[in-house]
Amino acid sequence: SRHFKVLRSLLAIQTSARSIAMAPAVGTLHYIEQTSYKAEKALIAAKFNGIALDQKKFDAQKDARKPEFIAKNPTGKVPYLETDMGCIFTSNAIARYIARCRADTALYGKCFDDEGQIDTWLEFCTHELEVPLMTWVYPVMGLMEDIPKVTADAQADVKKALTALEGQLKSSKYLVGDFLTLADIALVCALREGFVRVFDAAFRKAFPKVSAWFEGCVAMPQFNSVLGTVKLCATTEKPQPVLKEFLPPVRSEKKKEEPAKKEAPKQEASKAAAKAPAPAAPTGDNSVAITAVGDQIRVLKEKLKAEGLSGKKINDHDEVKKLVAQLQAMKEGAAAAPVVPAAAPAAPAAAAAPAAAAAPAAGGDAEAQITAVGDQIRVLKEKLKGEGLSGKKINDHDEVKKLVAQLQELKSGAPAAPAAAPVPTPPAPAAGGGSIDAQITAVGDEIRTLKEKLKGEGLSGKKINDHDEVKALVAKLTELKAKQ
């Protein structure tokens, strides 16, 4: 009878709960609270499979900087599952792992064909539903800025994905037949924020099968124990101001100080260089907001591609350029504030001139700036490579050239020491031994950078060495070495 089946199901759940309590955890699942839906599918799968799984909230502001985190999870992806055998990252990989831990359940299908269908719906969930839905929902949650045009496009894409789901659920109780699988779990977890925050009754009316399937799933004890009671949206929530922890830090601008009236021109130049703010280096903060904007870009590019645009036309589209600029600003702003180098004390006019000559200008700070700009160049080149550019086209890109020029300027300018003031004794050399060594290192770095650039443009061997700029730098290096 029906009552007997319900009783048997409850007894099975209780038995499973006892076995979970007794069994050792297969690992610890680390997740970000604001995007917990990415971890919930693994937690629910664990409930269905009777597997114990420890949980730990991940603080992107603090934990992402810890050396032990990078050591065990070099990709920096969250959520990640920490096991005795190592780390598993990305939400779908973790969910698949948990679902496959038990071969005697149907969570990952009953046959090879079922597994293929489950994988199909998992990919559908990530690319066709999750990306546009979170583009719509994240501004409502205060995780990123709302861009009305992008949100409207995302809403249209969500409706398109739900229409596909509606069609599938007209012919079967669950996505892969008459039994629940990981595909159902993943899609329910992705849809929860939508059903709770933005899918009001009028919106749900167009998708009765999806709505009934969703409500039936979240009512199950395994879902309820992880998600709690899910209350459907009554009124669509509006976008909220971005939460403080997801705002890229605003870099402070230093007030320009008027130079002293009697300050020597070379001293003014040295101080101006010392006061230049260092570019921010990425720290891993605001990873959720950065990921969300990246998802917006992917959604928009897919849409434009479907409209017949391709390659450069997509990248030159106004909305794409605006989002890319926003992404770059967030990556730059997410860094720790640069340390402002202390200004060197003014040297007395004549007596202290040798001491002033020996002091290098902002050595440690310059190295930090050089490293940060080098990182920016690498990130930009990877981005351009992903957009289909290669070799000379990447090196000739305006943004790349601008950053390379900035890098060369930093390398050539940072080690320079203030010139010695004239004294009655015979003139001293322009720079001390340590300063010469620093200049030799800087010029050597310039040569290596230039050779890499020329190699990327298709030159090699003797042609690189015979290049005018390379020869000029080599001559400069030889001259510096002769002064040691």
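Taking only pairs six or more apart or across chains, which ones have beta-carbon atoms under 6 Å, a first residue in region 461-484 that is open to solvent by 80 Å² or more (accessible area, probe 1.4 Å), and a second residue that is among the β-branched types (Val, Ile, Thr)?
Within 6 Å, the pairs are Lys476/Val443; Lys483/Ile436; Gln484/Ile436.
Restrict the check to region 57-74 and report whether at least one residue is closer than 24 Å to Val196 by Cα, open to solvent by 20 Å² or more (accessible area, probe 1.4 Å), modelled with pLDDT of 90 or more and charged (D, E, K, R).
No, the conditions are met nowhere in region 57-74.
Hey, could you check region 169-179 for residues that are in contact (Cβ under 8 Å) with a residue 12 or more places away in the chain and in a helix (DSSP H, G or I) and say which is surrounded by the most Cβ atoms within 10 Å (Cβ to Cβ)?
Top of the filtered list is Leu169.
From the list Leu143, Leu133, Leu162, which one is open to solvent by less than 10 Å² (accessible area, probe 1.4 Å), more than 28 Å from Arg100 (Cβ to Cβ) and within 21 Å of the chain's Cα centre (by Cα)?
Answer to the selection: Leu143.
Okay, residues lined up against (1) farther than 24 Å from Thr135 by Cβ; (2) among the polar types (S, T, N, Q); (3) over 32 Å from the mean Cα position of the chain (by Cα):
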residue	(1), (2), (3)
Gln168	no, yes, yes
Leu180	yes, no, yes
Gly194	no, no, no
Asn224	yes, yes, no
Val230	no, no, no
Lys238	no, no, no
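Might you check whether a residue that is more than 25 Å from Ile147 (Cβ to Cβ), at pLDDT below 70, among the small types (Gly, Ala, Ser) and buried (at least 16 other Cβ atoms within 10 Å of the Cβ) occurs anywhere in region 330-346?
Yes, region 330-346 contains a residue that is more than 25 Å from Ile147 (Cβ to Cβ), at pLDDT below 70, among the small types (Gly, Ala, Ser) and buried (at least 16 other Cβ atoms within 10 Å of the Cβ).
Scan region 99-149 for residues that are among the acidic types (Asp, Glu) and in a helix (DSSP H, G or I) and jot them down. Even if it seems obvious, please write down each step before you answer.
Residues of region 99-149 among the acidic types (Asp, Glu): 104, 113-115, 119, 123, 128, 130, 145-146.
Hits for region 99-149 are Asp113, Asp114, Glu115, Asp119, Glu123, Glu128, Glu130.
Being open to solvent by 20 Å² or more (accessible area, probe 1.4 Å) and touching a residue at least 24 places away in the same chain (Cβ under 8 Å) is the filter here; which residues of region 190-206 pass it? Write out each step before concluding.
We begin by selecting, within region 190-206, every residue open to solvent by 20 Å² or more (accessible area, probe 1.4 Å); these are 192-193, 196-197, 200-206.
Passing the criteria: Arg192, Glu193, Val196, Arg197, Asp200, Ala201, Phe203, Arg204, Ala206.
For the structure I just gave you, tell me whether Tyr108 is among the hydroxyl-bearing types (Ser, Thr, Tyr) and more than 18 Å from the chain's Cα centre (by Cα). Outline the logic, then answer.
Working: among the hydroxyl-bearing types (Ser, Thr, Tyr): yes; more than 18 Å from the chain's Cα centre (by Cα): yes.
Judged against the criteria, Tyr108 is a match.
Kindly check whether there is at least one residue in region 79-94 that is of a type in the set (Phe, Trp, Tyr), closer than 20 Å to Pro221 by Cβ and open to solvent by 30 Å² or more (accessible area, probe 1.4 Å).
no
Can you confirm whether Pro148 is closer than 24 Å to Lys209 by Cα and not acidic (Asp, Glu)?
Spelling it out, it is not the case that Pro148 is closer than 24 Å to Lys209 by Cα and not acidic (Asp, Glu).
Could you please find all residues in region 101-119 being under 24 Å from Thr35 (Cα atoms) and free of Cβ contacts under 8 Å to residues at least 60 places away in the same chain?
Hit for region 101-119 is Asp119, nothing else.
Could you tell me which numbered condition Ile88 fails, if it satisfies all but one of (1) in a strand (DSSP E or B); (2) at pLDDT below 90?
(2)
Just to confirm my filter: which helices (runs of 4 or more DSSP H) fall fully inside region 205-275 and include at least 1 residues that are modelled with pLDDT of 75 or more, out of contact with any helix residue (DSSP H, G or I) (no Cβ under 6 Å at 6 or more places or on another chain) and charged (D, E, K, R)?
Output list reads 208-218.
Could you grab me the full set of residues in region 150-168 that are free of Cβ contacts under 8 Å to residues at least 60 places away in the same chain and either outside any helix (DSSP H, G or I) or aliphatic (A, V, I, L, M) (or both)?
Within region 150-168, Ala152, Ala156, Val158, Ala161, Leu162, Ala164, Leu165 meet the criteria.
Checking Ile118 against (1) of a type in the set (A, V, I, L, M, F, W, C); (2) open to solvent by 20 Å² or more (accessible area, probe 1.4 Å); (3) at pLDDT 95 or above: exactly one of these is not met. Which one?
Among (1) of a type in the set (A, V, I, L, M, F, W, C); (2) open to solvent by 20 Å² or more (accessible area, probe 1.4 Å); (3) at pLDDT 95 or above, the lone unmet condition for Ile118 is (2).
The values are calculated or read from the model by the stated rules, or taken from the named source; none is laboratory data. This structure is a prediction, so every number in the text was calculated from the model and none was measured. Cβ coordinates were reconstructed from backbone atoms using ideal geometry, including for glycine residues, and neighbour counts include every protein chain displayed. What goes into the accessible areas is simple: the full protein's heavy atoms, side chains included, and nothing from ligands, DNA or RNA. Shrake-Rupley method; radii C 1.70, N 1.55, O 1.52, S 1.80 Å.
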